[in-house]
Every structure is written in structure tokens, then in C-alpha cells.
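Below: the structure, in C-alpha cells.
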């Protein structure tokens with residue numbers, strides 16, 4: 001963790017950004033007290049909404065039925 005004053009951070013901003021890109025965290029102080037943190041940006045994947053496609057997809061009634069020739073190829077007994 002790197003600690004800088006505002007003045008130091010302004011003078012070394014590009015260097016601090018490089019350090020942040022490599023995983024370090026930078027704390028910026030004003031009058032000896034922490035006021036800001038520079039840290040790497042984290043991408044948060046969007047949460048999926050259950051049922052978002054409800055009513056938009058149709059599955060044929062015979063979807064689960066296997067043609068006889070394919071069933072036989074897998075060793076199933078065909079009527």
C-alpha cells in the first residue's frame with residue numbers, strides 16, 4: 001500500500017496509475033488524514049434475471065422424443 005499527500009499524488013499521478021494497474025493500492029492523504037483511495041477497476045458481471053425469456057421461447061412437444069434410428073445407435077430397444 002502506497003500513501004501519498006495530494007501534492008505528491010498530483011506530481012506522480014502517472015506512476016501511481018501504473019502501480020495501481022499492477023495491483024497496488026494508493027491512499028491519498030490531506031492534512032495527514034486519508035481522503036481517497038486509488039485502486040484497480042473491477043468489472044462486475046451483470047446479474048442474470050431469472051425468467052427473462054419466459055414466454056419468448058417455444059419448445060416443440062416432441063422435443064424429447066428420439067428418432068428410432070438414433071435410439072438404436074445408442075443401444076436402445078425400439079418398439
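Quick note: the coordinates plus some simple rules give every number you see, no bench work behind them. The structure displayed is predicted, hence computed values, not measured ones.
Two decimals, Cα atoms only, Kirkwood Rh: what is Rg/Rh over the stretch 35-79? Kindly include the intermediate steps, with their values, before the conclusion.
Working: Rg = 24.1 Å, Rh = 16.3 Å.
Here the Rg-to-Rh quotient is 1.47.
Multiply the residue separation of residue 68 and residue 24 by 0.36 nm, subtract the distance between their alpha-carbon atoms, and state the gained length in nm to one decimal.
Working: separation 44, 0.36 × 44 = 15.84 nm, distance 6.19 nm.
Stretched out fully, the residue 68 to residue 24 stretch lengthens by 9.6 nm.
Please identify, among 27, 57, 17, the residue showing maximal mean-square fluctuation in a Gaussian network model of the chain using a 10 angstrom Cα cutoff. Comparing 27, 57, 17 in the GNM, the peak value goes to 57.
With 0.36 nm allotted per residue and the present C-alpha distance subtracted, the residue 36-residue 15 stretch has 5.9 nm of extension available. Counting only DSSP beta bridges whose two residues both lie in the chain, roughly 55 percent are antiparallel. For the stretch 3-59, the pair-distance distribution built from all alpha carbon pairs, in bins 5 Å wide starting at 0, is 4, 16, 18, 14, 8, 6, 5, 6, 6, 7, 5, 3, 1, 0 percent.
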